[in-house]
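S.K.: Dropping the structure in here first, questions after.
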Amino acid sequence: MNTELLVSDAAHFRIDYEINPYMHTDVQPDPAAAIAEHEAIVAAHLAAGRRVEYVASAPECPDMVFTANAAVVRGDRAVLGFPPPERKAELSYFEEWLVDRGYDVIEAPYPFSGQGDALACGDLLLAGYGQRTDQRMHAILAEELGYDVIPLRTVGPRWYDLDLAVAVVDAPHTLAYCPQALDEPSRGTLRALGLELIEVGLEEATRLALNLISDGRTVTMTRGAPRLAATLRERGLHVVELDTTQLAKGGGGVRCTALTLDNPPPRGSR
Ligand code: ARG
């Protein structure tokens with residue numbers, strides 16, 4: 001499997017506002033360390049044989065390094081995110097990039113955290129709601145992208161995006177998740193899917209261990225979660241652990257910094 005990811009850069013990464021509980025304007029990233037940390041993540045993708053596309057960050061967009069929130073993409077269609085007002089300025093840059101590349105771009109009419117709340121797993125889309133995503137987006141995602149949408153709700157703002165609570169380890173077979181991060185009905189929904197589930201403890205999940213990128217061979221993840229890393233290695237995966245201490249000041253990790261561009265389209269489509 002050849003993964004294609006859209007990344008930006010950390011040149012303008014700052015904490016100008018607090019829109020998740022991990023952000024504190026009095027705890028700023030070290031600019032050089034943030035750039036180096038992000039470059040190491042990109043280098044790890046390339047070393048894993050993934051293709052990387054790039055959109056330059058804009059000075060007025062301090063969270064633009066977190067490209068995952070820009071959209072969710074399937075085949076040649078992209079449903080744009082509808083971010084909180086603090087991040088609205090990012091949208092036009094991502095929209096322009098997607099349109100230039102020939103994607104059919106659909107604007108979201110309701111709040112939507114993009115791939116942050118929309119994890120593709122084969123024909124399933126694990127879709128968060130109740131934090132940054134309005135539940136009415138689920139029908140739109142099903143209609144526009146042809147996914148079977150699985151609604152999942154996290155228990156609070158610490159899990160403001162689903163990609164902090166659930167990870168796709170090997171699509172469409174294996175997920176990892178933190179049971180305490182999901183409400184009871186959502187835990188039931190997840191178990192009923194019949195997929196293999198790896199449980200991650202609250203402590204490692206809070207260090208954004210689940211905010212990982214896996215292509216089913218290589219897992220790129222934070223260095224802060226040795227137990228999950230060991231579990232994944234026992235399963236034969238190649239695990240690359242990276243520093244995410246600067247990105248963590250924005251409440252993000254590895255998964256947040258890459259928008260997947262090559263989710264397979266529905267069978268039988270163009
Ligand atoms: N500071 C960013 C925000 O709160 C972090 C976004 C992280 N993205 C993600 N997919 N979890 O919007």
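S.K.: Only one of these is among the small types (G, A, S), free of Cβ contacts under 8 Å to residues at least 24 places away in the same chain and under 30 Å from H238 (Cβ atoms): A68, A10, A36, A48. Name it. Walk me through it before giving the result.
M.R.: Details: A68 fails: free of Cβ contacts under 8 Å to residues at least 24 places away in the same chain; A10 fails: free of Cβ contacts under 8 Å to residues at least 24 places away in the same chain; A48 fails: free of Cβ contacts under 8 Å to residues at least 24 places away in the same chain.
Answer to the check: A36.
S.K.: Filter the strands (runs of 3 or more DSSP E) completely within the range 1-79 down to those with at least 3 residues that are surrounded by 14 or more Cβ atoms within 10 Å (Cβ to Cβ) and within 19 Å of the chain's Cα centre (by Cα). Full working, then the answer.
M.R.: Values: elements: 4-7, 51-54, 71-74.
Because the criterion is at least 3 residues that are surrounded by 14 or more Cβ atoms within 10 Å (Cβ to Cβ) and within 19 Å of the chain's Cα centre (by Cα), the strands (runs of 3 or more DSSP E) in the range 1-79 that meet it are 4-7, 71-74.
S.K.: Given the residues E86, E96, which is the only one that is on the phi < 0 side of the Ramachandran plot, more than 11 Å from the ligand (Cβ to nearest atom), in a helix (DSSP H, G or I) and among the charged types (D, E, K, R)? So that I can check it myself, show each step before the final result.
M.R.: Details: E86 fails: more than 11 Å from the ligand (Cβ to nearest atom).
So the residue among E86, E96 that is on the phi < 0 side of the Ramachandran plot, more than 11 Å from the ligand (Cβ to nearest atom), in a helix (DSSP H, G or I) and among the charged types (D, E, K, R) is E96.
S.K.: Residues in the range 94-115: is at least one in contact (Cβ under 8 Å) with a residue 60 or more places away in the chain and basic (K, R)?
M.R.: no
S.K.: Let me ask something additional. So if I check each of L141, L182, L195, which one is farther than 22 Å from H45 by Cα and over 17 Å from the mean Cα position of the chain (by Cα)?
M.R.: Values: L141 fails: over 17 Å from the mean Cα position of the chain (by Cα); L182 fails: over 17 Å from the mean Cα position of the chain (by Cα).
After ruling out the rest, the residue left standing is L195.
S.K.: Can you name the residue in the range 201-236 that is aliphatic (A, V, I, L, M) and in contact with a Ser or Thr (Cβ under 7 Å, 6 or more places away or on another chain) and is also nearest to P21 (Cα to Cα) among such residues?
M.R.: Looking only at the range 201-236, we keep the residues that are aliphatic (A, V, I, L, M), and these are 202, 205, 208-210, 212-213, 219, 221, 225, 228-230, 232.
Then drop every residue that is not in contact with a Ser or Thr (Cβ under 7 Å, 6 or more places away or on another chain), which leaves 208-209, 212-213.
Numbers: L208: 13, A209: 16, L212: 20, I213: 23 Å.
Residue satisfying both the conditions and the ranking: L208.
S.K.: In the range 163-172, how many residues are of a type in the set (D, E, K, R) and in a helix (DSSP H, G or I)?
M.R.: Residues of the range 163-172 that are of a type in the set (D, E, K, R), as a first pass: 163, 170.
Within this subset, residues satisfying the condition of being in a helix (DSSP H, G or I) are 163.
So the answer is 1.
S.K.: Search the range 1-42 for residues being hydroxyl-bearing (S, T, Y) and within 30 Å of P172 (Cα to Cα), and hand back the single one that is nearest to the ligand (Cβ to nearest atom).
M.R.: Taking the range 1-42 and keeping what is hydroxyl-bearing (S, T, Y), we get 3, 8, 17, 22, 25.
Cutting the leftovers down to within 30 Å of P172 (Cα to Cα) gives us 3, 8.
Details: T3: 17, S8: 12 Å.
If we take residues in the range 1-42 being hydroxyl-bearing (S, T, Y) and within 30 Å of P172 (Cα to Cα), then S8 is nearest to the ligand (Cβ to nearest atom).
S.K.: Run down L152, L124, L162 and say which single residue is closer than 30 Å to R233 by Cβ, touching a residue at least 60 places away in the same chain (Cβ under 8 Å), buried (at least 18 other Cβ atoms within 10 Å of the Cβ) and within 16 Å of the chain's Cα centre (by Cα). Before you say what the answer is, go through the steps one by one.
M.R.: Working: L152 fails: touching a residue at least 60 places away in the same chain (Cβ under 8 Å); L162 fails: touching a residue at least 60 places away in the same chain (Cβ under 8 Å).
Residue meeting the stated conditions: L124.
S.K.: Of the residues that make up the range 124-138, is at least one away from the ligand (no atom under 12 Å from the Cβ) and of a type in the set (F, W, Y)?
M.R.: Yes, the range 124-138 contains a residue that is away from the ligand (no atom under 12 Å from the Cβ) and of a type in the set (F, W, Y).
S.K.: Note down all Cβ pairs under 7 Å where the first residue falls in the range 253-270 and is closer than 19 Å to E90 by Cα, the second is part of a loop (DSSP other than H, G, I, E, B) and among the aromatic types (F, W, Y), and they're at least six residues apart or on different chains.
M.R.: Qualifying pairs under 7 Å: C256/F66; T257/F66.
S.K.: Take the conditions under 23 Å from G253 (Cβ atoms), of a type in the set (A, V, I, L, M), away from the ligand (no atom under 13 Å from the Cβ) and in contact with a Ser or Thr (Cβ under 9 Å, 6 or more places away or on another chain) and apply them to L152. Does it pass? Even if it seems obvious, please write down each step before you answer.
M.R.: Working: under 23 Å from G253 (Cβ atoms): yes; of a type in the set (A, V, I, L, M): yes; away from the ligand (no atom under 13 Å from the Cβ): yes; in contact with a Ser or Thr (Cβ under 9 Å, 6 or more places away or on another chain): yes.
For L152, the condition - under 23 Å from G253 (Cβ atoms), of a type in the set (A, V, I, L, M), away from the ligand (no atom under 13 Å from the Cβ) and in contact with a Ser or Thr (Cβ under 9 Å, 6 or more places away or on another chain) - is met.
Just so you know, all these numbers are worked out from the coordinates, no wet-lab data involved. As the structure is a prediction and not an experimental result, all values here were calculated from the model. Counting neighbours? That spans all protein chains shown, and the Cβs are built from the backbone with ideal geometry, glycine included.
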